[in-house]
Amino acid sequence: MKICVVGLGNIGFNLFTYLSHKFPGEVQGVDVNESRVNELLHQGYRVTSDYRALTGIDVWLMAPSTGNQGQNLFSALEQMILFPGSLISIESTLPPGTMIRIREFLEKKGFELGVDLYLIHVPHRVMFGVDKTVCDTPRVMGAFTNACLEKGRQFYTPLVPQVVEVSDIRVAELSKVVENVKRYVDVAFAQEIYSYCIDQGMDYDELKRAVNSKNNVELLGTDWGIGGECLPKDMNFLRTVCHSTLLEGAEQADQNYRDRIVKQVGSGKEVLVRGLSYKTEVKDLKHSRGVDLVRALEAAGNTVWVEDPLFSSDELSGAGFKASDPVDQENKKQDQVVQKIILDRHDALDIK
């Protein structure tokens with residue numbers, strides 16, 4: 001069986017490495033980013049940027065960043081050399097309605113789903129920093145035909161803890177978007193309650209502990225705002241098709257929260273921002289609200305220093321930040337330390 005993973009970003013590469021161990025010598029990867037491909041080639045991985053080199057593929061697993069209208073998926077589909085009998089699994093999170101467009105795209109090329117090609121949607125699920133692979137949690141699967149479902153069942157059942165089949169592919173498509181937007185709303189609510197606690201002089205962590213003592217309730221922690229690639233993107237996907245004052249309010253609440261951090265600091269200060277990665281325990285600055293905060297504080301006329309346990313001072317300096325080594329901070333004179341405003345990512349409104 002020849003398997004190809006399309007898209008070698010965080011999700012795709014995680015899937016690619018996992019399957020490479022499960023099916024030694026049978027997995028290839030493809031990405032249009034040639035520098036990324038060259039980097040992986042030098043590390044010994046079987047990857048390419050040339051779709052013409054990928055022939056006789058039995059299973060296509062598609063995990064590129066979709067783009068606002070799924071354009072990256074269609075660009076990949078246009079380049080793929082498809083053979084009758086192959087399985088195409090769309091793992092990317094999709095704007096609602098995309099799977100119908102993919103079906104129409106393939107039918108226009110003369111393929112009959114369930115006969116010539118097998119198309120399924122199995123949206124990825126992973127909590128980086130918690131799950132080791134994208135196959136560690138149950139996966140939802142939808143298809144247009146029973147034959148496609150059966151083909152998908154045969155491939156995924158040995159790989160994941162549970163395959164949750166749905167009868168309507170639109171449900172599979174919407175499920176991942178709703179999962180992420182639900183978390184977005186939950187975080188926005190947490191930020192609102194945390195802000196209220198700060199105003200009232202109450203301990204938010206104590207409130208969270210009290211609330212979460214009920215087993216069907218989870219009041220979340222807070223950060224620099226709602227960042228990462230997925231949650232803001234999927235909120236946009238859902239708001240495009242589901243017009244809701246609740247969703248609009250959640251977006252506005254998050255913006256207000258981030259604005260409040262900057263406004264509370266003011267200008268003309270020296271600020272130490274503790275924690276810059278887009279998520280605790282995940283070494284990645286892409287889509288980080290911490291990065292956004294630093295730039296906003298600098299734009300307001302502050303001198304901003306940063307520290308993060310995941311990054312060395314050289315790495316932070318190389319990324320364009322004023323690096324502050326936590327060890328050096330401890331060695332500075334007390335009167336120098338107190339001149340700084342210190343912001344911690346999980347207690348951002350409590351200025352120290």
For region 72-86, Karplus-derived ³J(HN,Hα) couplings (6.51, -1.76, 1.60; θ = phi - 60°; whole Hz; x for glycine and proline) come out as 5, 5, 5, 4, 5, 4, 5, 8, 5, 8, 8, 10, x, x, 7
Rounded to whole angstrom, the alpha-carbon centroid of region 117-180 lies from that of region 32-79 at a distance of 20 Å
Checking Asp199, Asp116, Asp168 against a Gaussian network model of the chain (alpha-carbon springs below 10 Å), the top fluctuating residue turns out to be Asp199
Residues whose modelled amide H sits under 5 Å from the amide H of Gly97, counting only those 5 or more places away in sequence or on another chain, are none
With the 1.4 Å probe rolled over protein heavy atoms, region 75-157 has an accessible area per residue in Å² of 40 Å²
PRE zone check, label point 7 Å out along Cα-to-Cβ of Lys263, amide N under 15 Å, scope region 189-204, hits 192, 195-196, 199
Listed by chain and number, the residues whose amide H is under 5 Å from that of Leu272, excluding neighbours fewer than 5 places away on the same chain and using placed H, are Trp305, Ile341, Ile342, Leu343
Expressed as a whole-number percentage, the relative contact order of the chain with C-alpha contacts under 8 angstrom and at least six residues apart is 11 percent
Per the helix-only model, the chain has a calculated mean residue ellipticity at 222 nm (DSSP H runs of ≥4, -39500 (n - 2.57) each, divided over all residues, rounded to the nearest 500) of -13500 deg cm²/dmol
Long-range amide H partners of Ile88, meaning residues 5 or more apart or on another chain whose placed amide H is closer than 5 Å, are Trp60, Tyr118, Leu119, Ile120
Phi-derived 3J(HN,Hα) across region 283-292 with the Karplus relation (6.51, -1.76, 1.60, θ = phi - 60°), rounded Hz, x for Gly and Pro, is 7, 7, 9, 5, 6, 8, 6, x, 4, 4
For the chain, the accessible surface attributable to carbon and sulfur atoms (probe 1.4 angstrom, ligands and nucleic acids excluded) amounts in percent to 50 percent
Here region 257-269 yields Karplus 3J(HN,Hα) values (6.51, -1.76, 1.60; θ = phi - 60°; whole Hz; Gly and Pro given as x) of 4, 5, 5, 5, 4, 5, 5, 5, 6, x, 9, x, 10
Computed over region 55-125, the relative contact order (Cα-Cα under 8 Å, seq sep at least six) in percent reads 37 percent
Under the 7 Å Cα-to-Cβ spin-label approximation, Lys214 and Glu229 lie apart by a distance in nanometres of 3.7 nm
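The values are calculated or read from the model by the stated rules, or taken from the named source; none is laboratory data. Quick caveat: nothing in here was measured; it's all calculated off a predicted structure. Because the Cβ atoms are built from the backbone with ideal geometry, glycine has one as well, and the counts that use them run over all protein chains shown. SASA here: full protein model, heavy atoms, side chains in, ligands and nucleic acids out. Shrake-Rupley method; radii C 1.70, N 1.55, O 1.52, S 1.80 Å.
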